[in-house]
1. B:G61 passes all but one of (1) assigned to a loop (DSSP other than H, G, I, E, B); (2) within 14 Å of chain A (Cβ to nearest Cβ); (3) not hydrophobic (A, V, I, L, M, F, W, C); which number fails?
2. Do we have any residue at all in the range A:40-49 that's farther than 24 Å from B:I38 by Cβ, more than 14 Å from chain B (Cβ to nearest Cβ), in contact (Cβ under 8 Å) with a residue 24 or more places away in the chain and crowded, with 18+ Cβ neighbours inside 10 Å?
3. Does B:L68 satisfy the condition of being within 11 Å of chain A (Cβ to nearest Cβ) and not basic (K, R)?
4. Looking at A:D65, A:D71, can you tell me which residue is within 9 Å of chain B (Cβ to nearest Cβ), surrounded by 13 or more Cβ atoms within 10 Å (Cβ to Cβ) and among the charged types (D, E, K, R)?
5. Pairs please, first residue from the range A:70-93 and of a type in the set (K, R), second anywhere and in a loop (DSSP other than H, G, I, E, B) and buried (at least 20 other Cβ atoms within 10 Å of the Cβ), Cβ atoms under 6 Å, 6+ apart in sequence or on different chains.
6. Given the structure, is B:M105 touching a Lys or Arg at 6+ places or on another chain (Cβ under 6 Å) and either surrounded by fewer than 16 Cβ atoms within 10 Å (Cβ to Cβ) or within 22 Å of A:G83 (Cβ to Cβ) (or both)?
7. Of the residues that sit in the range B:91-122 and are in a helix (DSSP H, G or I) and touching a residue at least 40 places away in the same chain (Cβ under 8 Å), which one is farthest from B:Y7 (Cα to Cα)?
8. Filter the range A:38-85 down to residues that are on the phi > 0 side of the Ramachandran plot, in a helix (DSSP H, G or I) and of a type in the set (G, A, S), then give me how many there are.
Amino acid sequence: MESQKVDLFMMMNAKHFESYQLSAIREKLLQMDESKWPIVQSLQLKDPTTSLIISIVGGGALGIDRFYIGDTGMGIGKLLTCGGLGIWTIIDWFLIMGATREKNMEMFQKSIY
Amino acid sequence: MSKNKLYSLLLIACSAGFIYLLYQSYFPESNKYSVCIIKNISGIPCPSCGATRALQLLFKGDFIGSILMNPFGIIISAILILLPFWIVIDLILKKETFYTFYNKMECLLKQKKVAIPLIILVILNWIWNINKVI
């Protein structure tokens, strides 16, 4: 793919991925076929900041933050146990941003294969 | 999520659940302090408040009392009892039947026609919980 388009994608979506994944993503995009561009561009990547806000403002105890990033199984686990007896809720305030970025990477990898 | 991570997480969660249940059964006087963040902050019970008492009632054989306390107790007890066996059998036979099942269920639950009725059920249970004053 053209490096101009790749750089545009990287600029728009840098905050959605872990920083150590960025160079690998760039390499993948450069090697990729032009026909995959619409798929990559229309990816519904989740914003880590939004999930953190959901997690802190009450959604954490009900597992809504996990549902938001597409981690349905863990979300149900949190919902059924009052947010993991309150402990998991607090742990997730610190883990949810990383989990969001990991989920985004999973989504990106699924879309290009 | 990888298979090993999921299995170890669920085994830890199940053992933590059993430890908490045993603790609550042997020291019932600690019941007045709730572990639920929502209940502690706002005073309103969350959808799954009362699940511990529902589980205790269920293990004493009071099925109807458990449903009246919180219907989530039935689901949680089924998960708590089934999951460890399923995971251990999977680990011994070196298969991944539970992992594939988990992924399939996640895909199913993400569909709107399945998700929306379930969300409505949870909200109804929440309203019932608030009215019961658990």
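Just so it is clear, none of the values below were taken in a lab; they were calculated from the coordinates. These numbers come from a predicted model, not from an experiment. Counting neighbours? That spans all protein chains shown, and the Cβs are built from the backbone with ideal geometry, glycine included.
1. Condition (2) is where B:G61 drops out.
2. yes
3. no
4. Within the list A:D65, A:D71, the selection yields A:D71.
5. Filtered contacts from the range A:70-93: A:K78/A:G63.
6. When the stated conditions are applied, B:M105 does not pass them.
7. B:V122
8. Number satisfying all stated conditions: 3.
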